[in-house]
Amino acid sequence: MKTQTRKLTAAGAALALCFVLPFLTLNNPQLGNMLCLMHIPVMLCGFICGWKYGFMVGLLAPILRSAILGAPPMMPTAVCMTFELGVYGLCTGLFSSLLPKKLIFDYITLIIAMLLGRVAWGVATALIVGGLTFEAYLASAFVAAVWGIVIQLVIVVPLVLAVRRTKLI
(Lines give C-alpha, C1' and ligand atoms only; values in the text may rest on other atoms or scores of the structure.)
Protein backbone atom coordinates (compact mmCIF):
# COMPACT_ATOMS: atom_id res chain seq x y z
CA MET A 1 0.00 0.00 0.00
CA LYS A 2 2.80 2.39 0.89
CA THR A 3 4.54 1.75 -2.44
CA GLN A 4 1.32 2.36 -4.40
CA THR A 5 0.81 5.67 -2.59
CA ARG A 6 4.37 6.71 -3.44
CA LYS A 7 3.90 5.74 -7.08
CA LEU A 8 0.62 7.65 -7.28
CA THR A 9 2.26 10.70 -5.69
CA ALA A 10 5.20 10.48 -8.10
CA ALA A 11 2.84 10.12 -11.06
CA GLY A 12 0.92 13.20 -9.89
CA ALA A 13 4.18 15.11 -9.64
CA ALA A 14 5.10 13.99 -13.17
CA LEU A 15 1.74 15.19 -14.47
CA ALA A 16 2.25 18.53 -12.71
CA LEU A 17 5.72 18.84 -14.27
CA CYS A 18 4.14 18.26 -17.70
CA PHE A 19 2.12 21.40 -17.05
CA VAL A 20 4.98 23.50 -15.67
CA LEU A 21 8.10 22.60 -17.70
CA PRO A 22 6.76 23.88 -21.05
CA PHE A 23 6.57 27.37 -19.51
CA LEU A 24 10.38 27.39 -19.70
CA THR A 25 9.98 27.87 -23.46
CA LEU A 26 7.93 31.04 -22.78
CA ASN A 27 5.02 29.54 -24.76
CA ASN A 28 7.08 29.60 -27.95
CA PRO A 29 5.76 26.60 -29.95
CA GLN A 30 8.92 26.29 -32.06
CA LEU A 31 11.14 26.23 -29.00
CA GLY A 32 8.74 23.83 -27.29
CA ASN A 33 8.85 21.45 -30.26
CA MET A 34 12.62 21.67 -30.25
CA LEU A 35 13.18 21.01 -26.52
CA CYS A 36 10.34 18.50 -25.90
CA LEU A 37 10.15 19.36 -22.20
CA MET A 38 6.81 17.62 -21.60
CA HIS A 39 8.39 14.30 -22.60
CA ILE A 40 10.85 14.19 -19.69
CA PRO A 41 8.35 13.80 -16.81
CA VAL A 42 6.45 11.12 -18.72
CA MET A 43 9.62 9.11 -19.32
CA LEU A 44 10.64 9.51 -15.69
CA CYS A 45 7.20 8.41 -14.56
CA GLY A 46 7.44 5.23 -16.64
CA PHE A 47 10.87 4.40 -15.28
CA ILE A 48 10.04 5.19 -11.66
CA CYS A 49 6.36 4.27 -11.29
CA GLY A 50 5.94 1.58 -13.95
CA TRP A 51 4.22 1.26 -17.27
CA LYS A 52 0.64 1.75 -16.04
CA TYR A 53 1.34 5.12 -14.42
CA GLY A 54 3.71 6.19 -17.20
CA PHE A 55 1.14 5.30 -19.84
CA MET A 56 -1.66 7.16 -18.04
CA VAL A 57 0.42 10.29 -17.44
CA GLY A 58 1.51 10.20 -21.10
CA LEU A 59 -2.07 9.94 -22.29
CA LEU A 60 -3.44 12.59 -19.96
CA ALA A 61 -0.75 15.29 -19.99
CA PRO A 62 -1.12 16.74 -23.51
CA ILE A 63 -4.93 16.57 -23.54
CA LEU A 64 -5.34 18.09 -20.06
CA ARG A 65 -2.74 20.78 -20.69
CA SER A 66 -4.43 21.69 -23.95
CA ALA A 67 -7.91 21.72 -22.39
CA ILE A 68 -6.84 23.77 -19.37
CA LEU A 69 -4.13 26.06 -20.76
CA GLY A 70 -4.80 26.01 -24.50
CA ALA A 71 -1.29 24.82 -25.33
CA PRO A 72 -0.44 22.72 -27.15
CA PRO A 73 -3.35 23.19 -29.56
CA MET A 74 -5.78 20.29 -29.18
CA MET A 75 -5.89 19.39 -32.88
CA PRO A 76 -3.71 17.98 -34.17
CA THR A 77 -0.82 18.62 -31.76
CA ALA A 78 -2.13 17.47 -28.36
CA VAL A 79 -4.00 14.50 -29.81
CA CYS A 80 -0.90 13.27 -31.69
CA MET A 81 1.30 13.93 -28.65
CA THR A 82 -1.06 11.77 -26.59
CA PHE A 83 -0.06 8.73 -28.63
CA GLU A 84 3.63 9.66 -28.49
CA LEU A 85 3.78 10.35 -24.76
CA GLY A 86 1.60 7.36 -23.94
CA VAL A 87 4.09 5.13 -25.74
CA TYR A 88 7.00 6.81 -23.93
CA GLY A 89 5.47 6.08 -20.54
CA LEU A 90 4.45 2.57 -21.50
CA CYS A 91 7.82 1.62 -22.99
CA THR A 92 10.04 3.12 -20.30
CA GLY A 93 7.98 1.38 -17.62
CA LEU A 94 7.73 -1.94 -19.44
CA PHE A 95 11.31 -2.27 -20.65
CA SER A 96 12.82 -1.03 -17.40
CA SER A 97 10.89 -3.73 -15.55
CA LEU A 98 12.01 -6.44 -18.00
CA LEU A 99 15.67 -5.47 -18.33
CA PRO A 100 18.35 -5.45 -15.60
CA LYS A 101 18.68 -2.26 -13.57
CA LYS A 102 22.02 -1.28 -15.11
CA LEU A 103 23.08 1.93 -16.77
CA ILE A 104 23.41 0.48 -20.28
CA PHE A 105 19.94 -1.10 -20.11
CA ASP A 106 18.44 2.16 -18.86
CA TYR A 107 19.82 3.90 -21.95
CA ILE A 108 18.61 1.06 -24.19
CA THR A 109 15.16 1.40 -22.62
CA LEU A 110 15.17 5.16 -23.13
CA ILE A 111 16.29 4.92 -26.76
CA ILE A 112 13.70 2.23 -27.59
CA ALA A 113 10.99 4.34 -25.95
CA MET A 114 12.11 7.44 -27.83
CA LEU A 115 12.04 5.62 -31.17
CA LEU A 116 8.70 3.90 -30.61
CA GLY A 117 7.11 7.10 -29.27
CA ARG A 118 8.19 9.02 -32.33
CA VAL A 119 6.82 6.26 -34.57
CA ALA A 120 3.49 6.47 -32.70
CA TRP A 121 3.48 10.25 -33.20
CA GLY A 122 4.21 9.81 -36.91
CA VAL A 123 1.42 7.26 -37.41
CA ALA A 124 -1.07 9.40 -35.46
CA THR A 125 -0.07 12.51 -37.41
CA ALA A 126 -0.32 10.70 -40.74
CA LEU A 127 -3.79 9.38 -39.87
CA ILE A 128 -5.15 12.61 -38.39
CA VAL A 129 -3.51 15.22 -40.62
CA GLY A 130 -2.77 13.12 -43.69
CA GLY A 131 -0.15 13.80 -46.31
CA LEU A 132 2.83 13.29 -44.00
CA THR A 133 5.76 12.29 -46.18
CA PHE A 134 8.61 10.25 -44.77
CA GLU A 135 10.93 13.24 -45.20
CA ALA A 136 8.54 15.51 -43.30
CA TYR A 137 8.23 12.87 -40.58
CA LEU A 138 12.00 12.61 -40.17
CA ALA A 139 12.35 16.39 -40.13
CA SER A 140 9.66 16.83 -37.48
CA ALA A 141 10.34 13.79 -35.30
CA PHE A 142 14.12 13.80 -35.29
CA VAL A 143 15.78 16.82 -36.90
CA ALA A 144 13.60 19.51 -35.31
CA ALA A 145 13.70 17.69 -31.95
CA VAL A 146 17.43 16.95 -31.87
CA TRP A 147 18.02 19.21 -28.84
CA GLY A 148 15.13 17.59 -27.02
CA ILE A 149 16.58 14.17 -27.77
CA VAL A 150 19.97 15.25 -26.43
CA ILE A 151 18.38 16.76 -23.30
CA GLN A 152 16.44 13.54 -22.68
CA LEU A 153 19.56 11.41 -23.05
CA VAL A 154 21.51 13.67 -20.67
CA ILE A 155 18.80 14.18 -18.01
CA VAL A 156 16.44 11.19 -17.81
CA VAL A 157 18.74 8.28 -16.94
CA PRO A 158 20.79 10.20 -14.33
CA LEU A 159 17.55 11.27 -12.64
CA VAL A 160 16.29 7.67 -12.68
CA LEU A 161 19.56 6.51 -11.10
CA ALA A 162 19.30 9.22 -8.43
CA VAL A 163 15.74 8.21 -7.55
CA ARG A 164 16.73 4.54 -7.37
CA ARG A 165 19.53 5.40 -4.96
CA THR A 166 17.05 7.05 -2.58
CA LYS A 167 15.08 3.77 -2.44
CA LEU A 168 11.86 5.72 -2.03
CA ILE A 169 10.25 3.88 -4.91
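The values are calculated or read from the model by the stated rules, or taken from the named source; none is laboratory data. All of these numbers come straight from a predicted model, not from anything done at the bench. Neighbour counts run over all protein chains shown; Cβ positions are idealised from the backbone, glycine included. Just so you know, the surface numbers come from the protein's heavy atoms only, side chains and all, with ligands and any DNA or RNA stripped out. Shrake-Rupley method; radii C 1.70, N 1.55, O 1.52, S 1.80 Å.
Here are some notes:
- Each other residue within a Cβ distance under 14 Å of VAL57 adds +1 if Lys or Arg and -1 if Asp or Glu, for a net charge of +2.
- Remark on the range 1-45: ratio of C-alpha radius of gyration to 2.2 N^0.38 Å is 1.36.
- Among the protein heavy atoms, those of PHE142 account for about 60 Å² of accessible surface (1.4 Å probe, every chain in place).
- Remark on the range 87-144: ratio of C-alpha radius of gyration to 2.2 N^0.38 Å is 1.32.
- Whole-number Å³ per residue for the convex hull built on Cα positions in the range 1-153: 103
- Packing rank of 52-58, 69-75, 145-151, where each peptide gets the mean count of other beta carbons within 10 Å, highest leading: 52-58, 145-151, 69-75
- For the chain, modelled as a GNM whose springs connect Cα atoms under 10 angstrom apart, the maximal fluctuation among CYS36, CYS91, CYS18 occurs at CYS36.
- Surface share of carbon and sulfur [accessible, 1.4 angstrom probe, percent] for the chain: 77
- Residue with peak Gaussian network fluctuation, the chain [Cα springs, cutoff 10 Å], from LEU26, LEU59, LEU110: LEU26
- Residue-normalised accessible area of the chain, expressed per residue, 1.4 Å probe, Å²: 52
- Taking packing as the residue-averaged number of other Cβ atoms within 10 angstrom, the listed peptides 117-125, 8-16 run from highest to lowest as 117-125, 8-16.
- Value of [θ]222 nm, deg cm²/dmol, for the chain, DSSP H segments ≥ 4, -39500 (n - 2.57) each, nearest 500: -25000 deg cm²/dmol
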